[in-house]
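Here is the structure we will look at.
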Amino acid sequence: MFWKGKKDILKNPFYNEKDSLVVYIKCDRCGNVMKKRILKSRDFVVSYDGNAALVIDKLYVCDKCYNQIKVDAGFKRSYKPVYFEINGGSFVSEEEYDEGKEDEK
Ligand SMILES: [Zn+2]
């Protein structure tokens, strides 16, 4: 079944906003879900090999258990991902992030 308009985070976990890409990361160790903003003006490095024109190499620290979560990804100039990899956590959808916040209240 095809869900029109629904984002497939397995294909692209990055939410493209005006000045940044937003990603939702779930910590493998404690299950904490975090929202991270990757600024287009600052966080991308221009790449000259392979298919990726822009790359990121980010290390995030879980604000609850201090587990380290590493995100590597390459993008086309349009910020469409060519490849992405996460270690120490997993990508989740915006919906899952919103649900997680409600659980804490
Ligand atoms: Zn954690």
ask   = Looking only at the stretch 60-78, which residues are outside any loop (DSSP other than H, G, I, E, B) and within 16 Å of the ligand (Cβ to nearest atom)?
value = Tyr60, Val61, Gln68, Ile69, Lys70, Val71
query = List pairs: first in the stretch 64-84 and farther than 16 Å from Val33 by Cβ, second polar (S, T, N, Q) and assigned to a loop (DSSP other than H, G, I, E, B), Cβ under 6 Å, 6+ apart or cross-chain?
reply = Pro81/Asn12; Val82/Asn51
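In the stretch 18-71, what count of residues is obtained for those that are basic (Lys, Arg) and more than 18 Å from Phe91 (Cα to Cα)? Break it down stepwise before answering.
Step one: of the stretch 18-71, the residues basic (Lys, Arg) are 18, 26, 29, 35-37, 40, 42, 58, 64, 70.
Now drop any that are not more than 18 Å from Phe91 (Cα to Cα), which leaves 18, 40, 42.
The total comes to 3.
A short reminder: the numbers here are calculations on the coordinates, not readings from a lab. Computed from a prediction, not measured in an experiment: that's the story for all the values here. Please note: Cβ atoms are built from the backbone with ideal geometry, for glycine as well, and neighbour counts cover all protein chains shown.
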